[in-house]
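**Q** Quick one: the structure is below, and I'll ask about it shortly.
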Amino acid sequence: MKRAILIAATAATGLVPRASGFPAQTSSATYPVTVLYAAADTEQMRVLWIAAHPDDEDTNLIAWLARGRNVNTAYMSLTRGDGGQNLIGNELGEALGVIRTEELLAARRIDGAHQYFGREYDFGFSKTADETRKHWPQDSVLRDVITVMRAFRPHIVITTFSGTPRDGHGHHQISAIVARDAYNMSADTIRFSVKDFGQPWTPLKLYRLARFSPQDRTLAINVGEYNPYLGLSYQEIAADSRSQHKSQGQGTVRVKGVVLDYLMREDSRVPAPPAKEEKTIFAGLDTTKLLVHDGRLVPPAAAPTVEMEALADRQVLALGDIARVTLTIYNRGYEPIRFRHVFDSDAIRDQTIPPDSSFRWIEGYRTSEITQPWWLAQPRNGDLFNAKVDGVPEDERARKGWERAEITQSGRTYTLASPVVFHYVDRVRGDVQRPLIVAPGISITLDQAVEMARANAPFNQLVKTTLRSAYIDSTPVTVTLSVPRGLAADSLSRTVMMAPGGTRTLTFRLRGNLPRGVHQVSATAKAKGNSFESGYVPIEYPHINPQRIYRPSTLTIHAADVVLPARMNVAYVPGVGDNVAPVLQQLGVPLTIVDPDDIPQRDLSRFTAVVVGPRAYQASQTLIDNNEYLLSYVRNGGRLVVQYGQAEMQRSGIMPYPITLKQPAERVTDESAPVTFTDPRSPLLNSPNKITQDDFNGWVQERSTYMPSTFDPHYRTMLAMNDPGEQANRAAILAATYGRGTYIYVPLALFRQLPAGVSGGARIFANLLGGNTIR
């Protein structure tokens, strides 16, 4: 029984040389791979890079190793980057981790390396290794890295970071500390048994990236070498790879000419020159037995011009059903090929395919697993995913559901591998190939998983329920809604007819009021005698393979005692990864979304407050260009609330009075850090909601981020906070009178609290929108 595709890849057939004697890397249509055929007593050189997050790796050196020297290269990221921000959409947390996983896989398809992950959830910025250990037990992290090291068996290990406080992030420190521990202990079968971790392994050399501390370098490598067979330098390839991290704004320019990258040798177990006298990273290693080839001198092997295609008769397969898949092997070359394949019936067929011809057959495709990110199939255990690190690279795991066949040409045997795709023509995009996904017969989701409401106030909200059918026939589906006491729905049950593979949205109106607390709305779909209580949310961007995240069909409503300023009319300029505006609307704030392009044409005077989302100035040059309109609005009596930004906030003309940020900027990462009210009479702490210490309970991820270290005396402050052992910072909220209006700058992490349903965050935000004038 075949398994479903876990992560879809491009439809180009992968050619895997069987006689190579080492784990082969998938071919890339853009950057051909040199195929090496190893003698029995040789193997390919292997290098493992270890760091903490997606985009912590040095793609320059990875491309030079993998594409330039044909080294079997892999990057292990402890996390999937779940705790970062998102420049391309609103996905945060685990959903962002899915995007960044796919971005790393896209990067590896370009630079030619493998990709591994640990089980560690990125819980956000951490200042120290000790703080990180509270979330990730170091023994657990070490076990993950030992497993990968024994599976991949690297001759050389490279870390990005030093394992010291100068790394600037607790995750970075731990990644380097654990990498060195694994380098030292991977042969220890007493602590790490063969049964649980695989055969012991001893890496031979350990390096650290010195690009950011060139004074420490012991080796310089010209990653700007030009490869005539690729038509690019390795830096140019690396720039394309790095630019796949679009959610993090990592677009990188191609640079021609000499580009030096630096390493520092930290250890060698082989006879090698003194570290500062090394001329190559391979010094001391027997390159007659560990294969290394200069890609500029060895052209890509002439792989057989054979392609395999696996086309499904539908895009979505209902769990338990069988899809019809048409498989075709095309011989587009000048020589016959022999083809061997194990069919559904377990029969083995040998077939000769002449030049310029093809062989086609049809198979049934069935699976017992839905298509989803495999590490999310079970809930997390704290800040560790409940998914075993088994030493299988993520890129190979993504190909587990591919169709495969063996071909032989000119005495060499290859394995053809192709994903199962649904192929169609879009009148605008042209040829489109989408991976076959496996889903429940009916998927049901509510448009939000978490919402907020004002307690004991009129509640009147629309709840959208989305149904997606994976059945190939028209199917009646009955949706039943369950609502908490205090709410009533316009109907609790509806039946609709779902078209084959169709999508329908049902909208229910809920009215009533809710007491303070947490309440739940749930929806159930019934079809063909089965009940469905979960569904998927698609994650689709042009630069990555599509994914789907499953969640229960429930809506959690946090009802909070929030009083809104009278007669509000708020304009909201969205920021990065910004989910604040919908929560304000749920609380009853009259709100208009304003695009930065539209600011000059808007009559801002009709708004009682204008809110700018987090990192909006960083993401939009147009907003910077139009900022004077916002400042003029304040001078004329308006109220401007700007959520946190980064270094761009120091630029002249962005804020009415200057601030400075340290590098790295100050922040309070302990979400339960004590908060001191330095000006308890401030209107922002008293009107319309009386803010107390209770309003800082239950916060998530952090208190405040990118806090100014100094600020102009025009700004008033009212809160002070700090992480343990640090000096208090008073810049969580800065408020100033500017002209006849009020300007408020908010590093306080309200952008995380509102989407998480934290009542104190909502009460503070309501105060920022109105109340008494700051004097």
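The values are calculated or read from the model by the stated rules, or taken from the named source; none is laboratory data. The model shown is predicted, which means the values in this text are computed figures rather than measured ones. Using ideal geometry, Cβ is built from the backbone for each residue, glycine included, and neighbour counts are taken over all protein chains shown. Surface areas here come from the heavy atoms of the whole protein model, side chains and all, with no ligands, DNA or RNA. Shrake-Rupley method; radii C 1.70, N 1.55, O 1.52, S 1.80 Å.
**Q** Name the single residue that is modelled with the lowest pLDDT among those in region 407-450 being open to solvent by 50 Å² or more (accessible area, probe 1.4 Å) and aromatic (Phe, Trp, Tyr).
**A** Applying the filter and picking the extreme gives Tyr424.
**Q** Could you tell me whether Leu584 is surrounded by 19 or more Cβ atoms within 10 Å (Cβ to Cβ) and within 25 Å of Arg667 (Cβ to Cβ)? Even if it seems obvious, please write down each step before you answer.
**A** Working: surrounded by 19 or more Cβ atoms within 10 Å (Cβ to Cβ): yes; within 25 Å of Arg667 (Cβ to Cβ): yes.
In short, yes.
**Q** State all residues of region 689-720 that are open to solvent by 60 Å² or more (accessible area, probe 1.4 Å) and among the basic types (Lys, Arg); if no residue qualifies, say none.
**A** Correct list: Lys690, Arg716.
**Q** Hey, another quick one. Within region 72-81, is even one residue closer than 14 Å to His53 by Cα, among the hydrophobic types (A, V, I, L, M, F, W, C), in contact with a Leu (Cβ under 9 Å, 6 or more places away or on another chain) and part of a helix (DSSP H, G or I)?
**A** Scanning region 72-81 turns up no residue that is closer than 14 Å to His53 by Cα, among the hydrophobic types (A, V, I, L, M, F, W, C), in contact with a Leu (Cβ under 9 Å, 6 or more places away or on another chain) and part of a helix (DSSP H, G or I).
**Q** Let me ask something else. Just the residues that are at pLDDT 85 or above, open to solvent by 30 Å² or more (accessible area, probe 1.4 Å) and among the aliphatic types (A, V, I, L, M), please, taken from region 279-299.
**A** If the condition is that a residue be at pLDDT 85 or above, open to solvent by 30 Å² or more (accessible area, probe 1.4 Å) and among the aliphatic types (A, V, I, L, M), then Val292 is the only one that fits.
**Q** Hey, does region 623-632 have a residue that's of a type in the set (Gly, Ala, Ser), under 32 Å from the mean Cα position of the chain (by Cα) and either open to solvent by 60 Å² or more (accessible area, probe 1.4 Å) or over 18 Å from Arg567 (Cα atoms) (or both)?
**A** Start the filter on region 623-632 by keeping residues that are of a type in the set (Gly, Ala, Ser), which leaves 632.
Narrowing further to those that are under 32 Å from the mean Cα position of the chain (by Cα): none.
No; the residues of region 623-632 include none that is of a type in the set (Gly, Ala, Ser), under 32 Å from the mean Cα position of the chain (by Cα) and either open to solvent by 60 Å² or more (accessible area, probe 1.4 Å) or over 18 Å from Arg567 (Cα atoms) (or both).
**Q** Identify all residues within region 320-341 that are open to solvent by less than 80 Å² (accessible area, probe 1.4 Å) and under 30 Å from Asp473 (Cα atoms); write none if there are none. Walk me through it before giving the result.
**A** Taking region 320-341 as the starting set, the residues that turn out to be open to solvent by less than 80 Å² (accessible area, probe 1.4 Å) are 320-321, 323, 325-331, 333, 336-337, 339, 341.
Gly320, Asp321, Ala323, Val325, Thr326, Leu327, Thr328 - these are the residues of region 320-341 that are open to solvent by less than 80 Å² (accessible area, probe 1.4 Å) and under 30 Å from Asp473 (Cα atoms).
For every residue, the table says whether it meets (1) within 22 Å of Leu462 (Cα to Cα); (2) at pLDDT 95 or above; (3) crowded, with 18+ Cβ neighbours inside 10 Å.
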{"position": "Thr554", "(1), (2), (3)": "yes, yes, no"}
{"position": "Ile593", "(1), (2), (3)": "yes, yes, no"}
{"position": "Gly613", "(1), (2), (3)": "no, yes, yes"}
{"position": "Gly637", "(1), (2), (3)": "no, yes, no"}
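**Q** If you check Val576, Val611, Val562, which single one turns out to be in contact with a strand residue (DSSP E or B) (Cβ under 8 Å, 6 or more places away or on another chain), β-branched (Val, Ile, Thr) and either more than 22 Å from Leu631 (Cα to Cα) or part of a loop (DSSP other than H, G, I, E, B) (or both)?
**A** Going through Val576, Val611, Val562 in turn, just one is in contact with a strand residue (DSSP E or B) (Cβ under 8 Å, 6 or more places away or on another chain), β-branched (Val, Ile, Thr) and either more than 22 Å from Leu631 (Cα to Cα) or part of a loop (DSSP other than H, G, I, E, B) (or both): Val562.
**Q** Going by what's in this entry, would Pro542 be described as part of a loop (DSSP other than H, G, I, E, B) and within 28 Å of the chain's Cα centre (by Cα)?
**A** yes
Listed here are the residues, each with its yes/no results for (1) touching a Leu at 6+ places or on another chain (Cβ under 7 Å); (2) under 21 Å from Tyr116 (Cβ atoms); (3) among the basic types (Lys, Arg); (4) without any contact (Cβ under 8 Å) to a residue 60 or more places away in the chain.
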{"site": "Gln378", "(1), (2), (3), (4)": "no, yes, no, yes"}
{"site": "Gly401", "(1), (2), (3), (4)": "yes, yes, no, no"}
{"site": "Ile407", "(1), (2), (3), (4)": "yes, no, no, no"}
{"site": "Leu462", "(1), (2), (3), (4)": "no, no, no, yes"}
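**Q** Say we look at region 721-734 and pick out the residues that are surrounded by fewer than 15 Cβ atoms within 10 Å (Cβ to Cβ) and of a type outside the set (Gly, Ala, Ser); which of these is farthest from Glu131 (Cα to Cα)?
**A** The residue in question is Gln727.
**Q** Quick one: in region 189-210, of everything that is more than 31 Å from the chain's Cα centre (by Cα) and exposed (fewer than 12 other Cβ atoms within 10 Å of the Cβ), which residue is nearest to Ile221 (Cα to Cα)?
**A** Gln199
**Q** If only one of Ala239, Ala272 is surrounded by 14 or more Cβ atoms within 10 Å (Cβ to Cβ), more than 21 Å from Pro299 (Cβ to Cβ) and at pLDDT below 95, which one is it?
**A** Answer to the selection: Ala272.
**Q** Look through region 361-378, keep the residues that are part of a strand (DSSP E or B) and surrounded by fewer than 17 Cβ atoms within 10 Å (Cβ to Cβ), and return whichever of them is nearest to the chain's Cα centre (by Cα).
**A** In this case the residue turns out to be Gly364.
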